[in-house]
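Shown next, in structure tokens, is the structure this report addresses.
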Amino acid sequence: KQYPIFCRRAARADGSYDPAAAEIVLLDQNEMAQGLAYLGLGARQVSDDDSLLAYTTDVTGFRQYDLHVKNIATNVRLPDTAARVRSVRWAADNKTLFYVTEDPVTKRSNQLWRLVLGQKPELIYDEKDELYSITIGRTKDKRYLLLQVQSTDTHQVFCLDSETPSADFRPIMPREKGHKYDVDHRGGEFIIRTNKDAKNFRVVAAPVANPAPDAWREILAHDQNALIADVDVFKDYAVVQ
């Protein structure tokens, strides 16, 4: 067919694949595209309780995505929606969505919104500096939502406990020209890949209550001959590229 079909099926108790489990279709892009000249899919995020799917669609071909939310069991779409959405993440309460929208002229991702399903969206961050774009993410363990603000040479990350979605995002570190870093969370610590005093980056751990550089614990030292391009954190291991 012209478009993919996005499915899932329940795993066995040990997490392995179970071919006998019933297949559940999350999105059939072919059915959704009927009557349309074009249909593109962007973000796809399932709520923590597996009951709701947030996804974005583009019917223009210009990467202008609209947000939709549907009940997976009934396949019924909720009335909650938003235009020009670039990234989406659920909070742990299964009813709060955070999403980023773009400027209609420049297409720069610049505003973060909080949407409690059934209520009016709330603008909670607006990046005025045209050098910076923003995305909303979440740590691998789902504990923290991460607002990532980036320019070519400078990054800043704000965090919010996903179990308290009505609270305010707080900066992990102040914005510092030339400092590029990204963040994950494991075992009560932030795991930070940073180029501070490390042109090729290094990896440090920092307490959530005080992630400032003076509290860092080095995990992987800087190597002048090798760039640390990415770090993927798991329960017992970290995969470093």
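The values are calculated or read from the model by the stated rules, or taken from the named source; none is laboratory data. In this text the structure is predicted, and so the values were computed from the model without any measurement. Virtual Cβ from ideal backbone geometry, glycine too; neighbours counted across all protein chains shown. Remember, those area values only see protein heavy atoms, side chains included, never the ligands or the DNA or RNA. Shrake-Rupley method; radii C 1.70, N 1.55, O 1.52, S 1.80 Å.
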**Cβ pairs under 7 Å, 6+ apart, first in the stretch 87-116 and among the aliphatic types (A, V, I, L, M), second part of a loop (DSSP other than H, G, I, E, B) and open to solvent by 30 Å² or more (accessible area, probe 1.4 Å)** = 92/48; 92/142; 92/163; 115/121; 116/95
**Single residue of the stretch 89-125 satisfying the filter (small (Gly, Ala, Ser) and at negative phi) that is surrounded by the fewest Cβ atoms within 10 Å (Cβ to Cβ)** = 92
**Message:** Looking only at the stretch 191-206, count every residue that is over 22 Å from the mean Cα position of the chain (by Cα) and either open to solvent by 50 Å² or more (accessible area, probe 1.4 Å) or in contact (Cβ under 8 Å) with a residue 24 or more places away in the chain (or both) and tell me the total.
**Reply:** 6
**Request:** Would you be able to tell me the number of residues in the stretch 87-143 that are outside any strand (DSSP E or B) and among the hydroxyl-bearing types (Ser, Thr, Tyr)?
**Result:** 3
**Selection within the stretch 207-219 - open to solvent by less than 60 Å² (accessible area, probe 1.4 Å) and under 24 Å from the mean Cα position of the chain (by Cα)** = 207, 208, 211, 212
**Message:** Would you confirm whether or not the stretch 131-143 contains a residue that is open to solvent by 70 Å² or more (accessible area, probe 1.4 Å) and more than 16 Å from the chain's Cα centre (by Cα)?
**Reply:** yes
**Message:** Here is a check on your reading of the model: is residue 83 among the small types (Gly, Ala, Ser), within 16 Å of residue 51 (Cβ to Cβ) and either in contact with a helix residue (DSSP H, G or I) (Cβ under 8 Å, 6 or more places away or on another chain) or open to solvent by 20 Å² or more (accessible area, probe 1.4 Å) (or both)?
**Reply:** no
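Residue 187: surrounded by fewer than 20 Cβ atoms within 10 Å (Cβ to Cβ) and modelled with pLDDT of 95 or more, yes or no? Give the derivation first.
Details: surrounded by fewer than 20 Cβ atoms within 10 Å (Cβ to Cβ): yes; modelled with pLDDT of 95 or more: no.
The answer is no for residue 187.
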**Request:** Scan the stretch 207-229 for residues that are without any contact (Cβ under 8 Å) to a residue 12 or more places away in the chain and closer than 14 Å to residue 158 by Cα and jot them down.
**Result:** 209, 210
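What is the residue count in the stretch 85-97 for residues that are under 9 Å from the mean Cα position of the chain (by Cα) and under 18 Å from residue 111 (Cβ atoms)? Outline the logic, then answer.
The first filter runs over the stretch 85-97 and keeps only residues under 9 Å from the mean Cα position of the chain (by Cα), leaving 87-90.
Next cut, under 18 Å from residue 111 (Cβ atoms) only: 87-89.
So the answer is 3.
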**Asked** Out of the stretch 159-179, which residues are under 18 Å from the mean Cα position of the chain (by Cα) and more than 19 Å from residue 90 (Cα to Cα)?
**Response** 171, 172
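For the stretch 220-229, does any single residue satisfy the condition of being more than 30 Å from residue 123 (Cα to Cα), surrounded by fewer than 20 Cβ atoms within 10 Å (Cβ to Cβ) and of a type in the set (Val, Ile, Thr)?
The first filter runs over the stretch 220-229 and keeps only residues more than 30 Å from residue 123 (Cα to Cα), leaving 220-229.
With the extra rule that they be surrounded by fewer than 20 Cβ atoms within 10 Å (Cβ to Cβ), the set shrinks to 220-229.
Next cut, of a type in the set (Val, Ile, Thr) only: 228.
Yes; the residues of the stretch 220-229 include at least one that is more than 30 Å from residue 123 (Cα to Cα), surrounded by fewer than 20 Cβ atoms within 10 Å (Cβ to Cβ) and of a type in the set (Val, Ile, Thr).
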**Fill in**
Flagged pairs (Cβ under 8 angstrom, 6 or more apart or on separate chains; first in the stretch 151-180, within 16 Å of residue 210 (Cα to Cα) and in a loop (DSSP other than H, G, I, E, B); second open to solvent by 40 Å² or more (accessible area, probe 1.4 Å) and not hydroxyl-bearing (Ser, Thr, Tyr)) are 169/124; 173/213
